[in-house]
There are 2 protein chains.
Amino acid sequence: MEDLCWLNPALVSSPPITVHSADPAAGTIRGEIDRVRTAGGDVQVALCTLDHLAETPLEEEVRAALPADGLGTEGFVVVRRGGQVVVAAEAGRGLLYGYFHVVRRGDRLEDTVELPAYPVRMLDHWDNLVPHPVMGAVERGYAGGSIFFHDGAVVEDLSRVREYARLLTSIGINAVSINNVNVRGPATRLLTDLLPDVARIAAVLREWGIATHLAVSYAAPIVLGDLDTSDPLDPRVVRWWAAASDRVYAEVPDLGGFVVKADSENQPGPFTYGRDHGDGANLLARALRPHGGTLYWRCFVYDCHQDWRDRSTDRARAAYDHFMPLDGQFDDNVVLQIKHGPLDFQVREAVSPLLGGLDRTRMALELQVTQEYTGHQRDLCYLGPWWREILDFDTTGAGGATVAQRADTIVAVSNVGDDSNWTGHKLAQANLHSYGRLAWNPGADPVELLHEWAAATFDVDAATRAQLVEIMADSWQVYEHYTAPLGVGFMVAPHGHYGPSVNGYEYSAWGTYHFADRDGVGVDRTVASGTGFTAQYPEPLAGRYEDLATCPDELLLFFHHVPYGHVLQSGRTVVQHIYDTHFQGYDEVVAKVEAWRAIADRFDPATRDNVSARFAGQVRNAREWRDQVNTYFFRMSGVPDAAGRTVYR
Amino acid sequence: MEDLCWLNPALVSSPPITVHSADPAAGTIRGEIDRVRTAGGDVQVALCTLDHLAETPLEEEVRAALPADGLGTEGFVVVRRGGQVVVAAEAGRGLLYGYFHVVRRGDRLEDTVELPAYPVRMLDHWDNLVPHPVMGAVERGYAGGSIFFHDGAVVEDLSRVREYARLLTSIGINAVSINNVNVRGPATRLLTDLLPDVARIAAVLREWGIATHLAVSYAAPIVLGDLDTSDPLDPRVVRWWAAASDRVYAEVPDLGGFVVKADSENQPGPFTYGRDHGDGANLLARALRPHGGTLYWRCFVYDCHQDWRDRSTDRARAAYDHFMPLDGQFDDNVVLQIKHGPLDFQVREAVSPLLGGLDRTRMALELQVTQEYTGHQRDLCYLGPWWREILDFDTTGAGGATVAQRADTIVAVSNVGDDSNWTGHKLAQANLHSYGRLAWNPGADPVELLHEWAAATFDVDAATRAQLVEIMADSWQVYEHYTAPLGVGFMVAPHGHYGPSVNGYEYSAWGTYHFADRDGVGVDRTVASGTGFTAQYPEPLAGRYEDLATCPDELLLFFHHVPYGHVLQSGRTVVQHIYDTHFQGYDEVVAKVEAWRAIADRFDPATRDNVSARFAGQVRNAREWRDQVNTYFFRMSGVPDAAGRTVYR
């Protein structure tokens, strides 16, 4: 594999570091220090746990800087007095994060107190134990095979996993679910005879302060052949899960818990037995409780056998409709895991109303680092700004709590595979970096995070780095420009989800339609004339979406079906907006490629070649999107482009 | 597997048979007779080669009946005088066909002389040596795995192949190409270390008078690692193929020849070296010549990386444009293998102008028994009438030669797999039966052939059989009704080709578009304003297609782009025709299911369940087609159905 890029301390001007701690994590840090090319110089850094503070020159200053509520197990404090720096933490995990803070900052260290915004900052791997005939080794993975599994077994050599753990810790991730939430066949055996292998992985992740989680099948008692039911109220099922949990914790005492996709896209679940998701989730949560484990229960529950003829069913409503009535019924070690949007990780969609709705239930915000709908790590699409927008989203529309404030946990689907550069597209590393950093601090600036990642990753001058950051910073908006317009979503090639197919899902069973006809386009989700989805939001947000006059342009077709001549708040008609943004998006990609060409040779050859090749593909893809979308709507509407550019017949 | 159905002599009232011949085939026939439940009775049949005629009671009558030009190796004569019947042939293969004639006719034998219309009547298997990750064991196969290959090797136990050979002989097929024309990786080794396995298959097929053929890769000299070129004018390449051919014939002295798909859908070919298909085909033909082999060179050559924006390129033109200039340049052991239509085995398309064009080149008409675009053997679609229409097609439009008269050979893609009933859908057997019988006699009546197949297959009374035949007879037209309208073709789900996707290929690289917009639909292939394809036909045919007023309705959108309000010769508008036929097609399927339900219980349980289940699926499929096509054109045109039926928005 390539060098570990943005966690590569060798690139960073790190001061001399000493470690003062008896915590086992200190050993890990000492091992790390040997990999650092210390710059020497005026600054001396001491990392120490509070019980060793007397060994440092700034004991009193550190004590004065400690927050009243303490640092917890992960926080750390930095105090600098001239050339003396002390980074102190209550526990070794805090020191680990403090260490990487030092590595990132080098001698630019300043006084600070760092506490993570969420106690759990998690990545879900959709890695298959056995490669799926269609989905491959990693479902929605675009960076090679799995780093955990190969040929139906856990890999023997875990050195890649060890490097990954270091990488994750360097960006603040402390929880990983190692296997696909679509738990198929042999993967169920991670609960049984494969447990020693799970324990091997957990041991490696533990060194870096990362808790291992398992995705489990709701039907495991049946799949493993022990019972003929998974009815959550059947005492045999309760006993089965208790025993399974005991077995797992005997091997991995600090397992974080289970992740479950139930009654979702043909996965089994409690609906089979006429039970609700409170019954289902609490069943597993109670099996985990004696061991301190948490149950992550996904809310991606909708009818994936929808009839496209049926305009009354709205997939966007599903999660709220299913879970809001259950608010307050979940045990306190249940976390409902909620995708950021009501559909499925689109480049633009509304924020899930469930995130603003649940009051008496713990919630995880689920993001997607892997670029399923955002270019497969073949197209550049830096998602930091999109996630920040979601995190900052005011769930009431009137200065209420933001999503970041309401969520208890942040989870995302990993974009990592066994490709030498981890993420297929070298620049897609930045998405993983920013995800981790935003999960630590949701108020971080996505562009600053790009600078941070680039500085740690590339051995280039500051001007070049700034140019790279400029290329990347708005790439999500560019991706939006050349793909599905105005929040309508999808229009992607069926199954694969890369490249355009305007009608690809229009007559499918997946509930994702745009309803374009010769007169107009969009999904009417209003209360007045549509599916009533807008009512899932509180006022004044609900009214803002309901009213054509106040609905934000970028979500117009998500909420409304309008004629092509409808005039947006931008002053353009819908169809002209489609033409304009698609020409613009393509031109923007071309400009990015030009900008990249000017600096490409300053990067290492692997980066230069990887990024150049991906950009060449992105130009082709953007051109296909531009032309297919434009032609589709020209054929539909008959309206020519006002600027007279080429729209193919 | 199931009983061998329509070749099952046990069902047939066969008279007592004796065999008089020293030909090896006589042994095969004697073995067959042991499987026959002879009815006894008044008729006695003697099968004999002419050199044993003296052993029969009707020597003189038979000699008088012999045609002046003789019977050739496959013909036979039947002479009946009261209870005495003699079936005579020059050679054992003629006796084999005569034997199955007796089995089919039972005691209804009458005087006849039977000579096959074509010396070669062939089936091409698209069977993969190694299952393809997407295409599976049999490319475009819908009846299970391959009967020849399993897990990358020729099957050890050839008993299924033996039964298949018997089946083919019973319907007159005498040539089989055993492997996929897309020759991938290990399949190239059928020319080398797998030759002994080819010889094993050939030995089994030979018993039944069937010549084995191999599909070979044009790049075999490179793929097998011997050369770095396949340039047909390079002496090393010439020598390589001569040696390869020698090697093959040393193992299989009566191999029929090679089948080649070159420069077609990413397969290698002479274009790589700037050579034409005359150079390419003659290269292989000359390697086969010393051994008496024939080269089947497919004409399915077109640009499969077409840009949908480019309206000047027309895939329909490709075969004619490529091959007509080469007419007369092919060696006489080259047969150009030409798909019946200029696109690709659609339920309705024009007949390939190449079939009417080539004058100095041997031609094979290529049909498709496997139901790639006609329902995957999940939907009932009896293709006999379609093939008969193609065979009868007047290539000049003014009483000129028909396709049947112009073709030298008939080839079709097999619909057989290792499913217990051979063809997945039990009733799809009839397609194989009729194909074989039409290749023997292109003037046979497709409905009569259905009766013949049903009589030999099902142990039911004549009235039931007649009802079954009625259900099946027009199923191709019904399939046309509910799928792509007016000859426009495609509109199928990409890749798989089952089920509707009106826009599925509209923006693809495959050259198969319908160009529907808010005003109209269809492909302008006229000389006046379109791609000029019509000029590939001779007059008066060309003019008939060129002129909107004379173009047959069923091909209107194949040749013309017209407004939705265009009035067909039927008096209906195009859009109303679309609505009408799609409602009709669905209703017809429902009626067939009703008709089947009334007789289903009279059939054996396996047939009853198989056909009933497939019909249930066909109703769903026809409904999807009906509604998706209708809705698509309603959304496009805005024209409501004149009859007020439900067209979803």
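The values are calculated or read from the model by the stated rules, or taken from the named source; none is laboratory data. All of these numbers come straight from a predicted model, not from anything done at the bench. With ideal geometry, Cβ positions are generated from the backbone for all residues, glycine too; neighbour counts draw on all protein chains shown. In case anyone asks, the SASA skips ligands and DNA or RNA and just uses the protein heavy atoms, side chains included. Shrake-Rupley method; radii C 1.70, N 1.55, O 1.52, S 1.80 Å.
Structural remarks
- Whichever residue in segment A:168-207 is part of a helix (DSSP H, G or I) and small (Gly, Ala, Ser) and, among such residues, is farthest from residue A:450 (Cα to Cα): A:185
- The residues in segment B:347-395 that are in a loop (DSSP other than H, G, I, E, B) and more than 23 Å from residue B:523 (Cβ to Cβ) can be counted, and the count is 17.
- The one condition from (1) buried (at least 21 other Cβ atoms within 10 Å of the Cβ); (2) without any contact (Cβ under 8 Å) to a residue 24 or more places away in the chain that residue B:561 does not meet is (2).
- Applying the criterion of at least 2 residues that are under 30 Å from residue A:298 (Cα atoms) and within 32 Å of the chain's Cα centre (by Cα) to the strands (runs of 3 or more DSSP E) found wholly in segment A:51-145 leaves A:121-124, A:127-132, A:136-138.
- Some residue of segment A:308-321 being without any contact (Cβ under 8 Å) to a residue 12 or more places away in the chain, open to solvent by 20 Å² or more (accessible area, probe 1.4 Å) and on the phi > 0 side of the Ramachandran plot: no
- Screening residue B:498 with (1) under 22 Å from residue B:426 (Cβ atoms); (2) within 14 Å of chain A (Cβ to nearest Cβ); (3) surrounded by 23 or more Cβ atoms within 10 Å (Cβ to Cβ) gives one miss only, at (3).
To keep it simple, each residue is scored yes or no on (1) open to solvent by 50 Å² or more (accessible area, probe 1.4 Å); (2) more than 30 Å from residue A:417 (Cβ to Cβ); (3) in contact with a helix residue (DSSP H, G or I) (Cβ under 7 Å, 6 or more places away or on another chain).
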{"residue": "A:53", "(1), (2), (3)": "no, yes, yes"}
{"residue": "A:88", "(1), (2), (3)": "no, yes, yes"}
{"residue": "A:91", "(1), (2), (3)": "no, yes, no"}
{"residue": "A:131", "(1), (2), (3)": "yes, no, no"}
{"residue": "A:147", "(1), (2), (3)": "no, no, yes"}
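- Tally, over segment B:29-50, of residues that are open to solvent by 60 Å² or more (accessible area, probe 1.4 Å), at pLDDT below 85 and outside any loop (DSSP other than H, G, I, E, B): 1
- When each of A:475, A:420, A:508, A:434 is tested for being polar (S, T, N, Q) and within 14 Å of chain B (Cβ to nearest Cβ), the lone residue that passes is A:508.
- Restricting attention to segment A:290-307, the residues that are surrounded by 15 or more Cβ atoms within 10 Å (Cβ to Cβ) and either in contact with a helix residue (DSSP H, G or I) (Cβ under 6 Å, 6 or more places away or on another chain) or not basic (Lys, Arg) (or both) total 12.
- Members of segment A:601-649 found to be among the small types (Gly, Ala, Ser) and within 14 Å of chain B (Cβ to nearest Cβ), listed by number: A:637, A:638
- Qualifying residue in segment B:337-345 (condition: more than 14 Å from chain A (Cβ to nearest Cβ) and either touching a His at 6+ places or on another chain (Cβ under 6 Å) or open to solvent by 30 Å² or more (accessible area, probe 1.4 Å) (or both)): no
- Which listed residue, of B:575, B:589, B:619, is among the hydrophobic types (A, V, I, L, M, F, W, C), in contact (Cβ under 8 Å) with a residue 24 or more places away in the chain and surrounded by fewer than 20 Cβ atoms within 10 Å (Cβ to Cβ): B:619
- One residue from B:285, B:316 being in a helix (DSSP H, G or I) and either within 14 Å of another protein chain (Cβ to nearest Cβ) or more than 22 Å from residue B:176 (Cα to Cα) (or both): B:316
- Neighbours by Cβ (under 6 Å, 6+ apart or cross-chain): first from segment B:248-265, within 15 Å of residue B:181 (Cβ to Cβ); second open to solvent by less than 10 Å² (accessible area, probe 1.4 Å) and assigned to a helix (DSSP H, G or I): B:257/B:288; B:258/B:284; B:262/B:280
- Applying the set (1) under 27 Å from residue B:457 (Cα atoms); (2) touching a Gly at 6+ places or on another chain (Cβ under 7 Å) to residue B:602 leaves exactly one unmet item: (2).
- Filter result for residue B:175 (open to solvent by less than 10 Å² (accessible area, probe 1.4 Å) and more than 30 Å from residue B:343 (Cβ to Cβ)): no
- Residue check for residue B:481: surrounded by fewer than 23 Cβ atoms within 10 Å (Cβ to Cβ) and closer than 22 Å to residue B:554 by Cβ: no
- Residue selection: residue A:623 fails the criterion of being assigned to a helix (DSSP H, G or I) and closer than 30 Å to residue A:463 by Cβ.
- Residue in segment A:558-581 that is within 24 Å of residue A:489 (Cβ to Cβ), in a helix (DSSP H, G or I), charged (D, E, K, R) and away from every other protein chain (no Cβ under 14 Å) present: yes
- Tabulated pairs, segment A:519-533, first over 14 Å from residue A:543 (Cβ atoms) and more than 13 Å from every other protein chain (Cβ to nearest Cβ), second outside any loop (DSSP other than H, G, I, E, B) and open to solvent by 20 Å² or more (accessible area, probe 1.4 Å), C-beta under 8 angstrom, 6+ apart or interchain: A:531/A:317
- Exactly one residue out of A:19, A:12 is modelled with pLDDT of 65 or more, surrounded by 18 or more Cβ atoms within 10 Å (Cβ to Cβ) and within 26 Å of residue A:420 (Cα to Cα): that is A:12.
- Members of segment A:397-425 found to be open to solvent by 20 Å² or more (accessible area, probe 1.4 Å) and either under 13 Å from residue A:369 (Cα atoms) or assigned to a strand (DSSP E or B) (or both), listed by number: A:402
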